[in-house]
Amino acid sequence: MMESPSRFALTPEKSREAVIQFSDVRIGFAEGEILRGVSFSAQPKETLVLLGETGSGKTLTLKIAAGLLRPDSGTVDVLGERVSQMSERELLALRRKAGFVFQEGALFDSLTVGENVAYRLHEDHVNEEEIEPRVREVLEFVELGHTQKLLPSELSGGMRRRVSIARAVVNRPPIVFYDSPTAGLDPITSQTIITLILRLRDVYGVTALLATQRLQDGFALANFHFDSATRRVRRDTKPEKPSAAVTRFLVLRDGRIYFEGSPEELLAANDPYLQRFLI
Amino acid sequence: MAETPLQDTQPQAGSPETPSVVEVLVDAAKTNIQKVQEYSKLSFRSLANLATSPRYMQDTLAQMDDIGVGSLPIVLLSGFFIGAVMVLQTGAQFERFGQSSLTGDVVAIALVRELGPSITGLLVAGRCASGIASELGSMLVTEQVDAMRAMGTDPSRKLVSPRVLATLITLPLLTTISVFVGLVGGMVASVFSLRLDATAFWERAIAVLQFSDVMQGLSKSVVFGFILATVGCYQGLNVRGGTQGVGRATTQAVVVSSVLIIVADTFLTKIALFFADKVF
Ligand SMILES: Nc1ncnc2c1ncn2[C@@H]1O[C@H](COP(=O)(O)OP(=O)(O)OP(=O)(O)O)[C@@H](O)[C@H]1O
Ligand SMILES: [Mg+2]
């Protein structure tokens, strides 16, 4: 499994066009090294599901990818730019092309939901007349149109998570980082959020890096697609996969990529550690 | 104390990890030097940011409202009573020599040069350095600062510069108001306790003031404003350890900015007196 080259193993040619590319990334803190040589890459429109136990470094990986943290060594390239060596100033420009959904939401708690979502449009100097309809549209998209005037503290946890997604995607970034978007939510709300991510992928074609502790999330993304014609989420039919999107799994363990491959490969893997995830 | 399994954190005498005194001191010096360096960087950036866009004028205005207008009540109240108490304290001394009309001179000079800027600086530090530190600290621990960075906003532009600029503008204004109200307070006190003529007090107080005194007072208030805003921002953006850390940073912001204001006051007084002779 680990040794056998996966179906999506990278040829050098492919990796050149990768949207996100990690090579031998390491980061550590006083307690020790957390990421010890992480390498992977994401192709355009691909969804990478980053699985790992709590504390395995998923959040760190995402923050490094977004340039919010600097790796101790190794290189990170996003959209062809070397994030791991850019100055904060250059990073600010690049980050406008990526959305980040924080594990805890990280909504601006003194701004209303509408202002939170509009924040990025104001930053990008979008026309004032254009902002309001776009905010309404994206809030409708996450089915929270009625909450525009409320403060984040007046929402439930699941609603906050959805506002956070709305805020991250309001300017239609080509890349979205989702940090444990379903952590601590009930199965039904989790499903709503995964559906949302599915729709974003299938409607806008975003490349996504999704950290999660729940394997179901990954399988839902792999096996369902959003049908724009009927506006419904449907199970993929086996013969032809309607969505061009590819879902791949990465499993982080002890600071390294322990497994990389498609959902089928993960299911077929006869590895005691991965089996524990499947339960 | 009874031996319990929980007592496993007893320091082991002579264990190889025990650092030497020199090591501890060197470490402490290193961290402190690093802090000063980071603080200087933040202070410099807060001003340098103003030279280029984006500038966040809306946030600056909001901060001016919060820091300036919000501090008005305490500045007015304390200014009035400080002027009054100055008259009561000095008036009694002058009365012994039958020179109670000199009270106005002393109170005016003391308020304009020294008490106005420093008391206003300390009061606003107590109110706003703490406010800034706790606000930015809470934003930091709830990842709102990271969220800003993730959306392409430079926190030093969005959060630090508006607060520094707003304080730089409003503190001299507050100081001016405080001095004026202090003189009014002094006048009231001298009329009622020293039986002085109100106009006489006022005329003497204004006549004794020179341009250099006003410059000294205003330049002090600009420096104090810069200190309290940058220290507040620095403490807030360097919170370690969650909510408790925010509390610590808030306290630290007030303590450090107050001490720095008093220390800076001494040096500024020396410099101002030097220039008063040479320039004005
Ligand atoms: N700023 C930091 N300082 C010190 N240690 C840190 C810091 N950030 C993360 N760590 C450590 O790195 C490890 C990985 O953290 P990370 O947040 O990436 O975990 P995670 O995989 O996202 O976990 P979870 O599923 O619970 O969110 C943890 O053990 C944590 O203690
Ligand atoms: Mg995490």
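The values are calculated or read from the model by the stated rules, or taken from the named source; none is laboratory data. Please read all numbers here as calculations on a predicted model, not as lab measurements. Cβ coordinates were reconstructed from backbone atoms using ideal geometry, including for glycine residues, and neighbour counts include every protein chain displayed. In case anyone asks, the SASA skips ligands and DNA or RNA and just uses the protein heavy atoms, side chains included. Shrake-Rupley method; radii C 1.70, N 1.55, O 1.52, S 1.80 Å.
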In the neighbourhood of residue B:64 defined by beta carbon distances under 15 Å, the net charge of the other residues (Lys, Arg +1; Asp, Glu -1) is 0
Helix B:161-193 sits off the longest principal axis of the Cα atoms of chain B, rounded to the nearest 10 on a 0 to 90 degree scale, by 40 degrees
When only C-alpha pairs under 8 Å and at least 6 residues apart count, what is the relative contact order of segment B:56-273, in percent? 36 percent
Summing +1 per Lys or Arg and -1 per Asp or Glu among the other residues with Cβ less than 13 Å from residue B:34's Cβ gives +1
Peptide B:132-140, shielding by other chains (average Cβ, 10 Å cutoff): 1
Taking H placed 1.01 Å from N in the peptide plane, check which residues at least 5 places from residue A:257 or on another chain put their amide H under 5 Å from its amide H. A:39
The set of residues whose placed amide H lies less than 5 Å from the amide H of residue A:35, leaving out same-chain residues fewer than 5 positions away, is A:27
Specify the longest stretch of chain B that does not include any exposed loop site, a site being one of the trypsin sites (Lys or Arg not before Pro) with a non-H, G, I, E, B DSSP assignment and at most 14 other Cβ atoms within 10 Å. B:1-194
Estimated buried accessible area (total), pair B and A, 1.4 Å, Å² to nearest 100: 1600 Å²
Here the percent of antiparallel bridges among DSSP beta bridges lying wholly in the protein assembly as shown, to the nearest 5, is 55 percent
Please go through the residue pairs B:41/B:158; A:63/A:97; A:58/B:158; B:41/B:220 and name each one whose alpha carbons sit more than 19 Å apart in this structure. A:58/B:158; B:41/B:220
Within the set of other residues whose C-beta is less than 13 Å from the C-beta of residue A:116, count the net charge using Lys and Arg as +1 and Asp and Glu as -1. +2
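Roughly what % of DSSP beta bridges within chain A run antiparallel, to the nearest 5?
55 percent
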Among the aspartates and glutamates, select those whose C-alpha is under 14 Å from the C-alpha of residue A:45, and discard any that sit fewer than 8 residues away in the same chain. A:17, A:202
How far is helix B:21-48 tilted off the main Cα axis of chain B, in degrees rounded to 10, range 0 to 90? 60 degrees
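Which value at 222 nm does chain A reach when only helices count, each DSSP H run of 4 or more adding -39,500 (n - 2.57), with the total divided by all residues and rounded to the nearest 500 deg cm²/dmol?
Mean residue ellipticity, 222 nm, calculated: -10500 deg cm²/dmol.
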Helix B:198-208 against the longest principal axis of chain B: what's the angle in degrees, Cα atoms only, rounded to the nearest 10? 60 degrees
